[in-house]
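The next block holds one structure in the form of structure tokens; read it before the comments.
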Amino acid sequence: MRPLKYLLSYTLPLTVAMAFWLQGPWAWLPLAYAFGFIPLIELLFPPDPANLSKAGEDLIKESPLYDWFVYLTVPVLYLCLGWFLWLMQGEFPLWERLGLVSAMGLMCGVFGINVGHELGHRRKRHERLLAQLCLLSSQYLHFFIEHNRGHHQQVSTPNDPASARYGEWIFAFWVRSVTHSYLDAWALEAKRLRLTGARLLSWSNEMIRFTVVQAAMLALIGWGLGPAVLGWYLAAAVFGFLLLETVNYIEHYGLSRQQNEQGVYEKVRPEHSWNSDHVVGRLLLFELSRHSDHHYIAARKYQILRHHDNSPQMPTGYPGMMVMALIPPLWFSVMNPRITSRTTISHRQAT
């Protein structure tokens with residue numbers, strides 16, 4: 001019965017289906033569920049730091065049921081996308097249309113980029129293809145390159161565009177991370193091609209392939225359904241990747257790795273990522289909020305991610321933290337003292 005708890009993730013597309021079917025005020029149901037109901041529920045339940053035993057990990061880490069739970073998100077995502085594109089051809093007042101866009105944007109962010117992130121760390125060819133299909137929904141295929149080859153190496157350093165700096169407002173972070181992550185993906189791919197002896201301007205360049213695929217998808221939607229529907233799809237895609245960037249913001253805000261005398265950064269450890277053990281958010285996001293362990297051992301599957309006592313802990317789950325991040329004075333008042341406290345403790349330990 002253990003894997004069935006991850007069915008909670010599928011409550012999001014259920015609310016999206018209700019929004020698409022019932023429309024009207026129901027169009028805003030997924031947003032209210034994700035960032036209203038879930039944060040309130042998480043305030044009622046304490047975090048659960050319990051880890052599986054080694055025997056328990058060995059028992060479930062290769063269980064196909066856990067894999068199928070993430071595989072099935074892909075057809076669900078694209079069924080919702082097809083339904084959304086069909087709906088956008090209709091007549092709706094602006095407030096209702098924006099609600100439907102937010103519903104699809106949540107699917108792009110949670111079932112798209114979040115699952116694409118999980119599968120993008122896998123080694124099997126079909127899993128990596130599914131990861132790219134997930135990322136395609138938000139026109140964010142470059143994440144497949146930049147996250148794995150850039151972010152995981154540069155995390156919590158000034159060289160990483162996806163690590164938020166102390167005192168940085170989230171809106172400024174969005175601009176910096178979106179822009180520089182895209183440019184870094186091109187640079188990382190150019191470096192790979194140089195090492196393999198391949199030409200930059202060739203089909204071997206993943207960024208060129210990704211650009212062609214994304215452009216083809218946009219052209220198909222625009223040609224088949226018209227520029228207005230294309231515009232609303234792009235709005236949902238932007239909503240989706242801004243959800244990702246908001247998650248990036250809260251995951252590493254204000255944390256930094258130290259350099260030695262040679263300028264080499266210390267190894268990535270659990271204390272370089274904010275962690276949340278709040279159960280509802282963990283299940284809704286396939287354990288994404290156990291982020292400290294993910295960065296410590298990136299290949300570990302979601303179902304066996306661990307709690308680390310030395311990782312910094314968020315005061316609530318990811319949905320609530322994301323809402324808090326959008327109110328910078330509140331965010332700084334809650335998070336900055338935690339960072340100052342950790343820095344003081346680390347300094348005392350070092351001396």
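Structure values in brief
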{"read-out": "Per-region count, the range 1-16, residues open to solvent by less than 30 Å² (accessible area, probe 1.4 Å) and of a type in the set (A, V, I, L, M, F, W, C)", "value": "2"}
{"read-out": "Leading residue by the ranking (most open to solvent (accessible area, probe 1.4 Å)) among those in the range 190-233 that are among the charged types (D, E, K, R) and closer than 18 Å to L136 by Cα", "value": "R209"}
{"read-out": "Residue that is nearest to K301 (Cα to Cα), among those in the range 18-56 that are among the small types (G, A, S) and open to solvent by less than 30 Å² (accessible area, probe 1.4 Å)", "value": "G56"}
{"read-out": "Residue match in the range 132-141 (condition: at pLDDT below 95 and either assigned to a loop (DSSP other than H, G, I, E, B) or surrounded by 22 or more Cβ atoms within 10 Å (Cβ to Cβ) (or both))", "value": "no"}
{"read-out": "Test set (1) hydrophobic (A, V, I, L, M, F, W, C); (2) assigned to a helix (DSSP H, G or I); (3) closer than 21 Å to L52 by Cβ - F241 fails condition number", "value": "(3)"}
{"read-out": "Which numbered condition W331 misses (of (1) open to solvent by less than 30 Å² (accessible area, probe 1.4 Å); (2) more than 24 Å from T11 (Cα to Cα); (3) assigned to a helix (DSSP H, G or I); (4) touching a Pro at 6+ places or on another chain (Cβ under 9 Å))", "value": "(4)"}
{"read-out": "Leading residue by the ranking (surrounded by the fewest Cβ atoms within 10 Å (Cβ to Cβ)) among those in the range 262-280 that are of a type in the set (S, T, Y) and part of a loop (DSSP other than H, G, I, E, B)", "value": "S273"}
{"read-out": "Check on G317, of a type in the set (G, A, S), more than 21 Å from H121 (Cβ to Cβ), open to solvent by less than 30 Å² (accessible area, probe 1.4 Å) and touching a Pro at 6+ places or on another chain (Cβ under 9 Å)", "value": "yes"}
{"read-out": "Sole residue being in a helix (DSSP H, G or I) and either on the phi < 0 side of the Ramachandran plot or surrounded by fewer than 14 Cβ atoms within 10 Å (Cβ to Cβ) (or both), chosen from D293, D309", "value": "D293"}
{"read-out": "Any hit, the range 220-233, residues being outside any helix (DSSP H, G or I) and at pLDDT below 95", "value": "no"}
{"read-out": "Residues within the range 57-86 that are crowded, with 20+ Cβ neighbours inside 10 Å and aliphatic (A, V, I, L, M), tallied", "value": "4"}
{"read-out": "Selection status of A32, under 26 Å from D277 (Cα atoms) and not in a helix (DSSP H, G or I)", "value": "no"}
{"read-out": "The one condition in (1) at pLDDT 95 or above; (2) of a type in the set (S, T, Y); (3) more than 28 Å from N51 (Cβ to Cβ) that T340 fails to fulfil", "value": "(1)"}
{"read-out": "Residue under evaluation R125, criteria (1) closer than 18 Å to L188 by Cα; (2) of a type in the set (D, E, K, R); (3) surrounded by fewer than 24 Cβ atoms within 10 Å (Cβ to Cβ), criterion not met", "value": "(1)"}
{"read-out": "Subset of the range 51-76 (residues that are of a type in the set (A, V, I, L, M, F, W, C), in contact (Cβ under 8 Å) with a residue 40 or more places away in the chain and either within 24 Å of S138 (Cα to Cα) or assigned to a helix (DSSP H, G or I) (or both))", "value": "I60, L65, F69, V70, V74, V76"}
{"read-out": "The range 36-50 residues that are closer than 13 Å to M324 by Cα, paired with ones that are not in a helix (DSSP H, G or I) (beta carbon under 8 Å, 6 or more apart)", "value": "P39/T316; P39/G317"}
{"read-out": "Enumeration of residues in the range 110-126 that are in contact (Cβ under 8 Å) with a residue 24 or more places away in the chain and part of a helix (DSSP H, G or I)", "value": "V110, F111, G112, I113, N114, V115, G116, H117, E118, L119, G120"}
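The values are calculated or read from the model by the stated rules, or taken from the named source; none is laboratory data. Not measured: the values here are computed from a predicted model. We place every Cβ from the backbone using ideal geometry, glycine too, and count neighbours over all the protein chains shown. Keep in mind that these areas ignore ligands, DNA and RNA; they rest on the heavy atoms of the full protein, side chains included. Shrake-Rupley method; radii C 1.70, N 1.55, O 1.52, S 1.80 Å.
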